[in-house]
Amino acid sequence: MPADPPASPPKAPEPSRPPGGDEGQDSVVAERQEQRVEPPKLYQVVMLNDDYTPMEFVVLMLQEYFMRDIETATLIMLKIHHEGRGVCGVYSKDIAATKVELVQAAAKRAGHPLQCIMESA
Ligand code: TYC
């Protein structure tokens, strides 16, 4: 007696499409969800004036950590010196926090009382 051919699973019938190339007419499209992606909150890093930190050190911090050229760094430093505070840059939360830490650590290492804070922009 010949062996039976291996049983193949029953095939689902192909969905019949009407002729005329209108494929997709009967497909179901999930209703488009309105996507609301909030822009990241921004924080400004602010440096505060004091009577002891050398001007050159502040300019160096602005060049090193805030990518300011020497002219811009000097203008920002002078603004802080005259007005008590000044914005070094505006960043996302993590970046701003890191910059504050880096400046504070460098000031501490150098023995200067320079203060740097972040606040909501
Ligand atoms: N006031 C300082 C001085 O006369 C200079 C200074 C500028 C210090 C900016 C801090 O964030 C500062 N040496």
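Placing a label point 7 Å from the Cα of A110 along the Cα-to-Cβ direction, the residues of the stretch 46-87 with a backbone N closer than 11 Å are 53-65.
Assuming a ≥ b ≥ c are the square roots of the Cα gyration tensor eigenvalues, decide whether the stretch 43-121 counts as rounded (a/c under 1.5), prolate (otherwise, with a/b larger than b/c) or oblate. Because its axes are fairly even, with a/c under 1.5, the stretch 43-121 counts as rounded. Overall form of the stretch 79-121: oblate. Here a/c, set by the Cα gyration tensor axes a ≥ b ≥ c, is 1.5 or more, and a/b is not larger than b/c.
Maximal additional length on extending the E71-T98 stretch stands at 7.3 nm, based on 0.36 nm per residue less the C-alpha distance. Ranked by the mean number of other Cβ atoms within 10 Å of their residues, highest first, the peptides 93-100, 108-115, 33-40 fall in the order 93-100, 108-115, 33-40.
Taken together, the values in this text are just the output of simple stated rules run on the coordinates, not laboratory data. In this text the structure is predicted, and so the values were computed from the model without any measurement. Methodologically, a virtual Cβ is constructed for each residue, glycine included, from the backbone with ideal geometry; neighbour enumeration extends over all protein chains shown.
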